[in-house]
Amino acid sequence: MLYREAGDFKTTYREDNQTFPIKSERILFWAAMAFAFLVVPFFIDSYWEKSVLVPLLVWALVALGLNILTGYCGQVSLGTGGFMAVGAFACYKLMTAFPDLNIFFVVLLSGCVTALVGMIFGLPSLRIKGFYLAVATLAAQFFLIWVFNKFAWFYNYSASGQITAPERAVFGIAVTGPNAAPWATYLFCLTILFIFAWFARNLTRGRVGRSWMAIRDMDIAAEIIGVEPLKTKLSAFAVSSFYIGVAGALFFSVYLGAAEVTEAFGIDKSFLALFMVIIGGLGSILGSFLGAAFLVLLPVLLKNLFVGSLGWPTDVAAHIQIMLIGGLIVFFLIVEPHGLAQLWRLAKEKLRLWPFPY
Amino acid sequence: MNVHIREDMSRHTLRADDGIATGGDLLKVDNISLSFGGVKAISDISFDVRKGEIRAIIGPNGAGKTSMLNVINGFYHPQEGVITFRGKTRSRMRPHEAARQGIARTFQNIALFKGMSTLDNIMTGRITLQKRNMFWHGLWAGPAEREEIEHREAVEGIIDFLEIEHIRKTPVGSLPYGLQKRVELGRALAAEPALLLLDEPMAGMNLEEKEDMSRFILDVNQQFGTTIALIEHDMGVVMDLSDRVVVLDYGRKIGDGPPDEVRNNQDVIDAYLGVPHE
Ligand SMILES: Nc1ncnc2c1ncn2[C@@H]1O[C@H](COP(=O)(O)OP(=O)(O)O)[C@@H](O)[C@H]1O
Ligand SMILES: [Mg+2]
């Protein structure tokens, strides 16, 4: 009787709207959160921080943002790397221009700047769809990287063209710069991700999410029942870019510490984010997390296995890893287009019926 | 059961009071002409829809019926003519603006949101009635949740009414055709429209499904007082349901009046029997 709906009747619409309608699921979720917030910080070291946990949190935020645009609203984007760069450079400019501004607000403002930029590049979505929109966002990607390379103002005329995050603190505890402790950067990112995921879940379960999905599923019918296409698509671009901008700001300031735009925010990042939402599950909050976890953890695991345990050369291991991920993407596109989130749902169905599968 | 639905529905009376008495002109289309390149889909058509009635639009395939509905809800823009809805003459209007003014519709080819459940599809029908902005919805607790629950109650009334409780949480893509048509009607009803446009609501249904759908249409009209304009091929159904009938043929109006009168009109008989045009 670990996982049952029986005896867990919904008597109000409020209960029926819950994020985790099944009690055991709710308990599991809060236990996991307690572990993440209260236990992990005591054990985290800099390897786990830099190789596993912080990239996982940041990429989960990116995937969440892209999933809102592509998974929920149906607008394909290949500009994710470029929007992350906008967040990163906004963060850098704000950090250096306003040294006293709390980093939390710097990160949020970076998201706002990215949201504006995202809306501008979202304007063509009113006229073009699908493949053509993907190409337009790809153009945004290259344009944005070009801009950040071209105009030295963005990197404060530094000779290397790099941007470097100065030390900033929250409640007197450094979360950026070389002196930031692993637990501090981890908790900072985790808190932001938690808030953003909760917000995204709320947006997608109500009116806003339905208007996005209506546009995704059938835009003409959506307009005829009163969904304004321009407003709705732009709102998806804005929210999505906001998330991706915040993630880009964290990626630069907390995770990398120093960044060169072409290397840190290239087209490969756009594809990585897209693969995350495809593998994780389009139109699923959980899927964003599963996809990010999968693509952040898999390379770490494979590297430990191939290079660490089997002693293979790193370049061979890297190639095998790329092929494996490519194969998995093809697998998911063909066999399970709804991604890991759907596999999870199916597993739950089985568990619910177990041990009497009738 | 239906009594409490009525209460649910009437709590949202924002669109009911437009000063037009039952039987007055809710919609008037005057001298509408619409062409696509060289093809004239509608030529100089005028008719009216009175508040509270069921108005049928009939005619052979390609007569321009669907185009007429598309003109009424702003999806097509006629080259000529005037549309007056609820006393206001309208100029060019986008479909979502028409929706806001109280026009809802269903489609000849089902146009549900395939990735969403029955419940979410019908909830989407209330999008023009939901007022809370994105910020509140992101916070959820408080105003947004109250709004969602309030609309959920209204939608549950519609779900009861259409007898689709059992498929509430089912993704609509996996439903049989007849039920999809019913969900689509539910989505249109959810908007509490002043004028409901139905494009061949019974096409492709078996007899039993047709009878169910006819009953729902009559009930919508009588219980909620919703004015309905519907396109239908089945003459029997049209005679049973409608108060007045407009007959179109090759983009022109060839008949207009009560069902009995239209049925005996020679032009109409010719059009339906496929008598060649001179
Ligand atoms: N979007 C369009 N583009 C070109 N021609 C159209 C379009 N919509 C309708 N038509 C033409 O207008 C005429 C009327 O079509 P329609 O309104 O669908 O007829 P009905 O619904 O009565 O069967 C047909 O000749 C059709 O080909
Ligand atoms: Mg038609």
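For the stretch A:152-163, the count of residues that are under 29 Å from residue A:53 (Cβ atoms) and surrounded by fewer than 20 Cβ atoms within 10 Å (Cβ to Cβ) is nonzero.
Out of curiosity, is residue B:72 in contact with a Phe, Trp or Tyr (Cβ under 9 Å, 6 or more places away or on another chain), surrounded by 18 or more Cβ atoms within 10 Å (Cβ to Cβ) and among the β-branched types (Val, Ile, Thr)? Here the answer is yes, as residue B:72 does meet what is asked.
Within the stretch B:33-62, restricting attention to residues that are closer than 19 Å to residue B:82 by Cα and either aromatic (Phe, Trp, Tyr) or part of a loop (DSSP other than H, G, I, E, B) (or both), which residue is nearest to ligand 2 (Cβ to nearest atom)? Looking at the filtered set, the residue picked out is B:36. Taking residue B:91 as the residue in question, decide whether it is at pLDDT below 90 and either within 16 Å of ligand 1 (Cβ to nearest atom) or within 23 Å of residue B:20 (Cα to Cα) (or both). Against the criterion (at pLDDT below 90 and either within 16 Å of ligand 1 (Cβ to nearest atom) or within 23 Å of residue B:20 (Cα to Cα) (or both)), residue B:91 qualifies. For the criterion of being more than 16 Å from ligand 2 (Cβ to nearest atom) and either modelled with pLDDT under 95 or closer than 28 Å to residue B:161 by Cα (or both), residue B:69 fails. Report whether or not residue B:200 is within 16 Å of ligand 1 (Cβ to nearest atom) and either more than 30 Å from residue B:20 (Cα to Cα) or more than 9 Å from chain A (Cβ to nearest Cβ) (or both). Answer is yes for this residue.
If you go through the stretch B:177-190 and keep only what is touching a Leu at 6+ places or on another chain (Cβ under 8 Å), more than 10 Å from chain A (Cβ to nearest Cβ) and of a type in the set (A, V, I, L, M, F, W, C), you end up with B:183, B:185, B:189.
Could you grab me the full set of residues in the stretch B:72-107 that are in a loop (DSSP other than H, G, I, E, B) and within 16 Å of ligand 2 (Cβ to nearest atom)? Answer for the stretch B:72-107, where residues must be in a loop (DSSP other than H, G, I, E, B) and within 16 Å of ligand 2 (Cβ to nearest atom): B:73, B:75, B:76, B:106, B:107.
Being of a type outside the set (D, E, K, R), away from ligand 1 (no atom under 14 Å from the Cβ) and surrounded by fewer than 18 Cβ atoms within 10 Å (Cβ to Cβ) is the filter here; which residues of the stretch B:225-247 pass it? Answer for the stretch B:225-247, where residues must be of a type outside the set (D, E, K, R), away from ligand 1 (no atom under 14 Å from the Cβ) and surrounded by fewer than 18 Cβ atoms within 10 Å (Cβ to Cβ): B:225, B:235, B:236, B:239.
For every residue, the table says whether it meets (1) at pLDDT below 95; (2) more than 10 Å from chain B (Cβ to nearest Cβ); (3) farther than 22 Å from residue A:50 by Cβ.
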{"site": "A:181", "(1), (2), (3)": "yes, yes, no"}
{"site": "A:188", "(1), (2), (3)": "no, yes, no"}
{"site": "A:205", "(1), (2), (3)": "yes, no, yes"}
{"site": "A:210", "(1), (2), (3)": "no, no, yes"}
{"site": "A:225", "(1), (2), (3)": "yes, no, yes"}
{"site": "A:228", "(1), (2), (3)": "yes, no, yes"}
{"site": "A:234", "(1), (2), (3)": "no, yes, yes"}
{"site": "A:240", "(1), (2), (3)": "no, yes, yes"}
{"site": "A:247", "(1), (2), (3)": "no, yes, no"}
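Candidates in the stretch B:95-116 are the residues that are touching a helix residue (DSSP H, G or I) at 6+ places or on another chain (Cβ under 7 Å) and surrounded by fewer than 21 Cβ atoms within 10 Å (Cβ to Cβ); of these, the one that is farthest from the other protein chains (Cβ to nearest Cβ) is B:108. Just one of the listed residues (A:283, A:266) is within 8 Å of chain B (Cβ to nearest Cβ) and touching a residue at least 60 places away in the same chain (Cβ under 8 Å), namely A:283.
Looking at the stretch A:149-247, the helices (runs of 4 or more DSSP H) lying wholly inside it that each contain 3 or more residues that are within 30 Å of residue B:76 (Cβ to Cβ) sit at A:207-217, A:219-224.
Residues in the stretch A:205-231 that are of a type in the set (Ser, Thr, Tyr) and surrounded by fewer than 24 Cβ atoms within 10 Å (Cβ to Cβ): 0 in all. Please verify whether residue A:199 is buried (at least 24 other Cβ atoms within 10 Å of the Cβ), within 14 Å of chain B (Cβ to nearest Cβ) and closer than 18 Å to residue A:105 by Cα, treating the condition exactly as stated. No; evaluated as a whole, the condition is false for this residue. Residues of the stretch B:159-188 that are closer than 23 Å to residue B:73 by Cα and away from ligand 2 (no atom under 16 Å from the Cβ): B:180, B:182, B:183, B:185, B:186, B:187, B:188. Scanning the stretch B:128-157 for residues that are of a type in the set (Val, Ile, Thr) and within 24 Å of the chain's Cα centre (by Cα) yields B:128, B:155. Listed by position, the helices (runs of 4 or more DSSP H) contained in the stretch B:117-176 that have at least 2 residues being surrounded by fewer than 17 Cβ atoms within 10 Å (Cβ to Cβ) and more than 9 Å from chain A (Cβ to nearest Cβ) are B:143-161.
The conditions of being away from ligand 1 (no atom under 16 Å from the Cβ), out of contact with any strand residue (DSSP E or B) (no Cβ under 9 Å at 6 or more places or on another chain) and not charged (D, E, K, R) are not met by residue B:83. The residue of the stretch A:212-223 that is nearest to residue B:134 (Cα to Cα), among those that are of a type in the set (Asp, Glu) and facing chain B (nearest Cβ under 7 Å), is A:223.
For residue A:168, state whether it is touching a His at 6+ places or on another chain (Cβ under 9 Å) and either among the charged types (D, E, K, R) or modelled with pLDDT of 95 or more (or both). So residue A:168 fails the test. Note on the stretch B:189-278: enclosed helices (runs of 4 or more DSSP H) holding 1 or more residues that are acidic (Asp, Glu), without any contact (Cβ under 8 Å) to a residue 12 or more places away in the chain and more than 16 Å from ligand 2 (Cβ to nearest atom) are B:207-223, B:259-263, B:266-273.
The values are calculated or read from the model by the stated rules, or taken from the named source; none is laboratory data. Not measured: the values here are computed from a predicted model. Neighbour counts run over all protein chains shown; Cβ positions are idealised from the backbone, glycine included.
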